[in-house]
Amino acid sequence: MMEKIDVNENRLTNAGTEKTDKADALGIAHIMRTRWFRQAYIKSESCYRTKLLLTHRRNLKAKFLDLENAIRHSLKSFGIRLGKVGRGAFEQAVCQAVADDPLSAEVMDAMLSARAALWKQYCRLHDLVVKMVAHSEPCRSLSAIPGVGPVTALSFMTAIDDPSRFRRSRDVVAYFGLTSRRWQSGSSIDVQGRISKADDADVRRALYEAASGLMTRFKGRDKVKSWGREIAKRSCHRKACVAVARKLTVIMRAMWSDGTFYVGDAAMSDTDAAQRAHIKDRRLLGAHR
(Lines give C-alpha, C1' and ligand atoms only; values in the text may rest on other atoms or scores of the structure.)
Protein backbone atom coordinates (compact mmCIF):
# COMPACT_ATOMS: atom_id res chain seq x y z
CA MET A 1 0.00 0.00 0.00
CA MET A 2 2.85 2.36 0.81
CA GLU A 3 4.42 1.68 -2.57
CA LYS A 4 1.21 2.74 -4.36
CA ILE A 5 1.10 6.01 -2.45
CA ASP A 6 4.73 6.71 -3.27
CA VAL A 7 4.12 6.01 -6.94
CA ASN A 8 1.12 8.33 -7.05
CA GLU A 9 3.05 11.08 -5.29
CA ASN A 10 5.86 10.62 -7.78
CA ARG A 11 3.39 10.91 -10.66
CA LEU A 12 1.93 14.10 -9.19
CA THR A 13 5.41 15.52 -8.87
CA ASN A 14 6.27 14.70 -12.46
CA ALA A 15 2.90 15.90 -13.78
CA GLY A 16 4.19 19.45 -14.04
CA THR A 17 7.43 18.48 -15.84
CA GLU A 18 6.36 15.69 -18.17
CA LYS A 19 4.07 17.00 -20.92
CA THR A 20 1.94 13.97 -21.71
CA ASP A 21 -1.80 13.46 -21.96
CA LYS A 22 -1.71 11.15 -18.97
CA ALA A 23 0.25 13.65 -16.87
CA ASP A 24 -2.11 16.49 -17.91
CA ALA A 25 -5.18 14.46 -16.94
CA LEU A 26 -3.58 13.57 -13.60
CA GLY A 27 -2.71 17.20 -12.93
CA ILE A 28 -6.23 18.42 -13.78
CA ALA A 29 -7.71 15.73 -11.52
CA HIS A 30 -5.45 16.84 -8.69
CA ILE A 31 -6.44 20.50 -9.18
CA MET A 32 -10.13 19.60 -9.13
CA ARG A 33 -9.70 17.44 -6.03
CA THR A 34 -7.91 20.17 -4.08
CA ARG A 35 -10.12 22.97 -5.58
CA TRP A 36 -6.97 24.92 -6.44
CA PHE A 37 -8.62 27.06 -9.11
CA ARG A 38 -10.74 30.14 -9.59
CA GLN A 39 -14.14 30.07 -11.15
CA ALA A 40 -14.24 31.96 -14.46
CA TYR A 41 -17.19 34.15 -15.40
CA ILE A 42 -18.48 33.74 -18.95
CA LYS A 43 -20.22 36.83 -20.29
CA SER A 44 -23.42 36.66 -22.26
CA GLU A 45 -23.40 36.55 -26.04
CA SER A 46 -25.05 39.97 -26.26
CA CYS A 47 -22.07 41.46 -24.40
CA TYR A 48 -19.65 40.08 -26.97
CA ARG A 49 -21.79 41.45 -29.81
CA THR A 50 -21.91 44.89 -28.18
CA LYS A 51 -18.16 44.73 -27.62
CA LEU A 52 -17.72 44.04 -31.33
CA LEU A 53 -19.77 47.14 -32.15
CA LEU A 54 -17.73 49.34 -29.79
CA THR A 55 -14.43 47.95 -31.04
CA HIS A 56 -15.14 48.57 -34.72
CA ARG A 57 -16.58 52.00 -33.96
CA ARG A 58 -13.28 52.87 -32.27
CA ASN A 59 -11.31 51.37 -35.19
CA LEU A 60 -13.17 53.47 -37.76
CA LYS A 61 -12.64 56.60 -35.71
CA ALA A 62 -8.91 55.87 -35.38
CA LYS A 63 -8.57 55.28 -39.14
CA PHE A 64 -10.50 58.47 -39.85
CA LEU A 65 -8.18 60.51 -37.63
CA ASP A 66 -5.11 58.83 -39.14
CA LEU A 67 -6.26 59.78 -42.61
CA GLU A 68 -6.99 63.36 -41.55
CA ASN A 69 -3.56 63.67 -39.93
CA ALA A 70 -1.92 62.22 -43.05
CA ILE A 71 -3.58 64.94 -45.16
CA ARG A 72 -2.37 67.63 -42.77
CA HIS A 73 1.16 66.20 -42.80
CA SER A 74 1.24 66.06 -46.62
CA LEU A 75 0.21 69.71 -46.90
CA LYS A 76 2.69 70.70 -44.21
CA SER A 77 5.52 69.33 -46.39
CA PHE A 78 4.68 72.05 -48.93
CA GLY A 79 4.46 74.77 -46.28
CA ILE A 80 0.65 74.71 -46.02
CA ARG A 81 -0.72 74.78 -42.46
CA LEU A 82 -4.46 74.39 -42.07
CA GLY A 83 -4.46 75.48 -38.46
CA LYS A 84 -7.61 75.11 -36.39
CA VAL A 85 -10.19 73.97 -38.92
CA GLY A 86 -13.46 72.36 -37.89
CA ARG A 87 -14.46 68.92 -39.12
CA GLY A 88 -17.13 70.35 -41.42
CA ALA A 89 -14.85 72.97 -43.02
CA PHE A 90 -11.85 70.63 -43.34
CA GLU A 91 -12.60 69.43 -46.88
CA GLN A 92 -13.15 72.94 -48.21
CA ALA A 93 -9.95 74.19 -46.60
CA VAL A 94 -7.89 71.38 -48.17
CA CYS A 95 -9.40 71.95 -51.62
CA GLN A 96 -8.62 75.68 -51.46
CA ALA A 97 -5.06 74.99 -50.32
CA VAL A 98 -4.24 72.76 -53.34
CA ALA A 99 -6.40 74.48 -55.96
CA ASP A 100 -3.34 75.74 -57.93
CA ASP A 101 -1.66 72.30 -58.16
CA PRO A 102 -3.57 69.79 -60.37
CA LEU A 103 -1.63 66.71 -59.18
CA SER A 104 -1.94 67.56 -55.49
CA ALA A 105 -5.61 68.38 -56.01
CA GLU A 106 -6.21 64.95 -57.53
CA VAL A 107 -4.38 63.19 -54.69
CA MET A 108 -6.17 65.17 -52.01
CA ASP A 109 -9.53 64.52 -53.68
CA ALA A 110 -8.95 60.77 -53.36
CA MET A 111 -7.89 61.14 -49.74
CA LEU A 112 -10.90 63.31 -48.93
CA SER A 113 -13.24 60.79 -50.57
CA ALA A 114 -11.80 58.01 -48.40
CA ARG A 115 -12.11 60.27 -45.35
CA ALA A 116 -15.77 60.98 -46.13
CA ALA A 117 -16.51 57.26 -46.54
CA LEU A 118 -14.88 56.43 -43.19
CA TRP A 119 -16.79 59.22 -41.45
CA LYS A 120 -20.09 58.02 -42.92
CA GLN A 121 -19.59 54.46 -41.68
CA TYR A 122 -18.33 55.70 -38.31
CA CYS A 123 -21.49 57.76 -37.86
CA ARG A 124 -23.50 54.68 -38.79
CA LEU A 125 -21.94 52.65 -35.96
CA HIS A 126 -22.15 55.56 -33.54
CA ASP A 127 -25.88 55.85 -34.22
CA LEU A 128 -26.22 52.16 -33.34
CA VAL A 129 -24.47 52.83 -30.02
CA VAL A 130 -26.77 55.75 -29.22
CA LYS A 131 -29.80 53.66 -30.17
CA MET A 132 -28.77 50.82 -27.86
CA VAL A 133 -28.21 53.24 -24.98
CA ALA A 134 -31.57 54.93 -25.59
CA HIS A 135 -33.37 51.56 -25.28
CA SER A 136 -31.51 50.53 -22.10
CA GLU A 137 -32.78 52.03 -18.87
CA PRO A 138 -29.57 51.32 -16.86
CA CYS A 139 -27.48 52.94 -19.61
CA ARG A 140 -29.68 56.04 -19.61
CA SER A 141 -29.36 56.23 -15.85
CA LEU A 142 -25.56 56.08 -16.04
CA SER A 143 -25.52 58.64 -18.86
CA ALA A 144 -27.14 61.15 -16.49
CA ILE A 145 -23.78 61.47 -14.72
CA PRO A 146 -21.91 64.59 -15.94
CA GLY A 147 -19.10 63.59 -18.28
CA VAL A 148 -20.48 60.08 -18.88
CA GLY A 149 -21.79 59.72 -22.41
CA PRO A 150 -23.39 56.85 -24.34
CA VAL A 151 -20.06 55.22 -25.23
CA THR A 152 -18.79 55.26 -21.64
CA ALA A 153 -22.05 53.91 -20.24
CA LEU A 154 -22.33 51.13 -22.82
CA SER A 155 -18.64 50.18 -22.52
CA PHE A 156 -18.94 50.01 -18.73
CA MET A 157 -22.02 47.80 -18.79
CA THR A 158 -20.62 45.54 -21.51
CA ALA A 159 -17.40 44.96 -19.57
CA ILE A 160 -19.24 44.05 -16.35
CA ASP A 161 -22.37 42.32 -17.74
CA ASP A 162 -23.65 41.42 -14.25
CA PRO A 163 -22.96 43.83 -11.35
CA SER A 164 -23.80 41.17 -8.76
CA ARG A 165 -20.64 39.21 -9.60
CA PHE A 166 -18.65 41.88 -7.72
CA ARG A 167 -19.06 41.76 -3.96
CA ARG A 168 -18.17 45.43 -3.55
CA SER A 169 -18.20 48.39 -5.91
CA ARG A 170 -14.54 49.05 -5.10
CA ASP A 171 -13.62 45.67 -6.61
CA VAL A 172 -14.59 46.99 -10.04
CA VAL A 173 -11.87 49.64 -9.77
CA ALA A 174 -9.18 46.96 -9.54
CA TYR A 175 -10.90 44.97 -12.29
CA PHE A 176 -10.43 47.88 -14.71
CA GLY A 177 -6.80 48.42 -13.68
CA LEU A 178 -7.34 51.80 -11.99
CA THR A 179 -5.63 50.85 -8.71
CA SER A 180 -1.95 51.47 -8.02
CA ARG A 181 0.65 48.74 -8.21
CA ARG A 182 2.49 47.98 -5.01
CA TRP A 183 5.86 46.37 -4.27
CA GLN A 184 6.21 45.34 -0.64
CA SER A 185 8.88 43.23 1.04
CA GLY A 186 9.27 43.09 4.79
CA SER A 187 9.23 46.38 6.68
CA SER A 188 11.81 48.26 4.60
CA ILE A 189 10.37 48.11 1.06
CA ASP A 190 6.93 49.50 0.36
CA VAL A 191 6.71 51.17 -3.05
CA GLN A 192 3.43 52.30 -4.57
CA GLY A 193 3.61 52.70 -8.34
CA ARG A 194 1.30 53.74 -11.13
CA ILE A 195 -2.02 52.12 -11.95
CA SER A 196 -1.89 48.49 -13.02
CA LYS A 197 -3.73 49.03 -16.37
CA ALA A 198 -5.23 45.56 -16.16
CA ASP A 199 -8.15 44.18 -18.20
CA ASP A 200 -10.03 46.28 -20.78
CA ALA A 201 -8.07 49.33 -21.97
CA ASP A 202 -11.07 50.74 -23.87
CA VAL A 203 -13.22 50.94 -20.75
CA ARG A 204 -10.38 52.46 -18.78
CA ARG A 205 -9.85 55.05 -21.51
CA ALA A 206 -13.57 55.86 -21.61
CA LEU A 207 -13.69 56.31 -17.84
CA TYR A 208 -10.65 58.60 -17.95
CA GLU A 209 -12.24 60.70 -20.70
CA ALA A 210 -15.47 60.90 -18.69
CA ALA A 211 -13.52 62.08 -15.65
CA SER A 212 -11.64 64.66 -17.73
CA GLY A 213 -14.91 65.89 -19.23
CA LEU A 214 -16.43 66.26 -15.78
CA MET A 215 -13.39 68.19 -14.57
CA THR A 216 -13.01 70.56 -17.54
CA ARG A 217 -16.21 70.76 -19.63
CA PHE A 218 -19.04 70.45 -17.13
CA LYS A 219 -19.97 73.96 -15.98
CA GLY A 220 -22.41 73.12 -13.21
CA ARG A 221 -21.83 72.32 -9.56
CA ASP A 222 -20.85 68.78 -8.73
CA LYS A 223 -19.48 67.14 -5.62
CA VAL A 224 -17.13 64.77 -7.48
CA LYS A 225 -15.89 67.63 -9.66
CA SER A 226 -15.01 69.74 -6.60
CA TRP A 227 -13.27 66.78 -5.00
CA GLY A 228 -11.23 66.15 -8.15
CA ARG A 229 -10.18 69.78 -8.45
CA GLU A 230 -8.85 69.73 -4.91
CA ILE A 231 -6.68 66.74 -5.87
CA ALA A 232 -5.50 68.58 -9.00
CA LYS A 233 -4.33 71.51 -6.88
CA ARG A 234 -2.26 69.22 -4.65
CA SER A 235 -0.93 66.99 -7.44
CA CYS A 236 -1.67 67.28 -11.17
CA HIS A 237 -4.58 67.07 -13.60
CA ARG A 238 -3.79 63.54 -14.81
CA LYS A 239 -3.71 62.04 -11.33
CA ALA A 240 -6.90 63.90 -10.46
CA CYS A 241 -8.62 62.44 -13.54
CA VAL A 242 -7.55 58.93 -12.54
CA ALA A 243 -8.92 59.50 -9.03
CA VAL A 244 -12.20 60.83 -10.43
CA ALA A 245 -12.39 57.86 -12.83
CA ARG A 246 -12.08 55.54 -9.82
CA LYS A 247 -14.82 57.44 -8.05
CA LEU A 248 -17.08 57.30 -11.11
CA THR A 249 -16.51 53.55 -11.40
CA VAL A 250 -17.70 52.99 -7.84
CA ILE A 251 -20.69 55.29 -8.32
CA MET A 252 -21.75 53.71 -11.62
CA ARG A 253 -21.64 50.17 -10.28
CA ALA A 254 -23.59 51.18 -7.16
CA MET A 255 -26.21 52.99 -9.25
CA TRP A 256 -26.59 49.99 -11.53
CA SER A 257 -27.02 47.61 -8.60
CA ASP A 258 -29.40 49.78 -6.59
CA GLY A 259 -31.29 51.45 -9.45
CA THR A 260 -30.74 54.92 -7.99
CA PHE A 261 -30.19 58.36 -9.56
CA TYR A 262 -26.96 60.32 -9.52
CA VAL A 263 -26.88 63.30 -7.17
CA GLY A 264 -23.66 65.18 -7.82
CA ASP A 265 -24.36 68.14 -5.55
CA ALA A 266 -25.39 67.57 -1.96
CA ALA A 267 -27.89 70.44 -2.27
CA MET A 268 -29.64 68.78 -5.21
CA SER A 269 -32.80 66.90 -4.36
CA ASP A 270 -33.87 63.56 -5.79
CA THR A 271 -36.49 65.36 -7.90
CA ASP A 272 -33.84 67.60 -9.49
CA ALA A 273 -31.64 64.58 -10.19
CA ALA A 274 -34.56 62.77 -11.80
CA GLN A 275 -35.33 65.83 -13.93
CA ARG A 276 -31.73 66.10 -15.09
CA ALA A 277 -31.73 62.40 -15.97
CA HIS A 278 -35.02 62.86 -17.85
CA ILE A 279 -33.56 65.71 -19.92
CA LYS A 280 -30.59 63.58 -20.90
CA ASP A 281 -32.95 60.71 -21.74
CA ARG A 282 -34.85 62.96 -24.15
CA ARG A 283 -31.59 63.95 -25.85
CA LEU A 284 -30.61 60.31 -26.27
CA LEU A 285 -34.03 59.30 -27.57
CA GLY A 286 -34.06 62.20 -30.01
CA ALA A 287 -30.52 61.48 -31.23
CA HIS A 288 -31.33 58.13 -32.85
CA ARG A 289 -34.61 59.13 -34.45
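The values are calculated or read from the model by the stated rules, or taken from the named source; none is laboratory data. Worth saying up front: this structure is predicted, and the values here are computed from it rather than measured. All Cβ positions, even for glycine, are placed from backbone atoms using ideal geometry, and neighbour counts span all protein chains on display. Areas reflect the complete protein model, heavy atoms only, side chains present, ligands, DNA and RNA absent. Shrake-Rupley method; radii C 1.70, N 1.55, O 1.52, S 1.80 Å.
For LYS120, give me every one of the lysines with a C-alpha distance below 23 angstrom, ignoring sequence neighbours fewer than eight places off in its own chain. Here the lysines satisfying the reach criterion relative to LYS120 are LYS51, LYS61, LYS63, LYS84, LYS131.
The residues HIS30, HIS56, sorted by heavy-atom accessible surface at 1.4 Å with ligands and nucleic acids left out, run HIS56, HIS30 from largest to smallest.
For SER196, SER235, SER143, SER164, give the ranking by accessible area with the largest first, probe 1.4 Å. Each step should come with its number before you reach the end.
Values: SER196 30, SER235 60, SER143 0, SER164 90 Å².
Sorted descending by solvent-accessible area, the residues read SER164, SER235, SER196, SER143.
Here the relative contact order of the stretch 118-216, from alpha carbon pairs under 8 Å that lie six or more residues apart, stands at 26 percent.
Note on the stretch 115-199: along the principal axes its Cα atoms extend 58, 36, 22 Å, ordered by decreasing extent.
In summary, the lysines within cross-link reach of LYS22, defined as a Cα separation below 20 angstrom excluding same-chain residues under 8 places away, comprise LYS4.
Around ASP109, what is the net charge, scoring Lys/Arg as +1 and Asp/Glu as -1 over all other residues with Cβ under 11 Å from its Cβ? Charge balance in the 11 Å sphere: -1. Annotation: amide H-H contacts under 5 Å for ARG181 (H modelled 1.01 Å from N, sequence separation of 5 or more, or interchain): GLY193, ARG194, ILE195, SER196.
For TRP119, the solvent-accessible surface with a 1.4 Å probe is about 90 Å², rounded to the nearest 10. Per-residue 3J(HN,Hα) values for the stretch 128-142, derived from phi via the Karplus relation 6.51 cos²θ - 1.76 cosθ + 1.60 with θ = phi - 60°, read 5, 5, 5, 5, 5, 5, 5, 9, 10, 5, x, 5, 5, 5, 5 Hz in sequence order (x marks Gly and Pro). An ellipsoid equivalent to the stretch 20-150, defined through the eigenvalues of its Cα gyration tensor, has semi-axes of 49, 23, 12 Å when rounded to whole angstrom and sorted largest first. Lysines within cross-link reach of LYS233: Cα-Cα under 22 Å, excluding same-chain residues under 8 positions apart? Within the straight-line limit of under 22 Å, LYS233 reaches these lysines: LYS219, LYS223, LYS225, LYS247.
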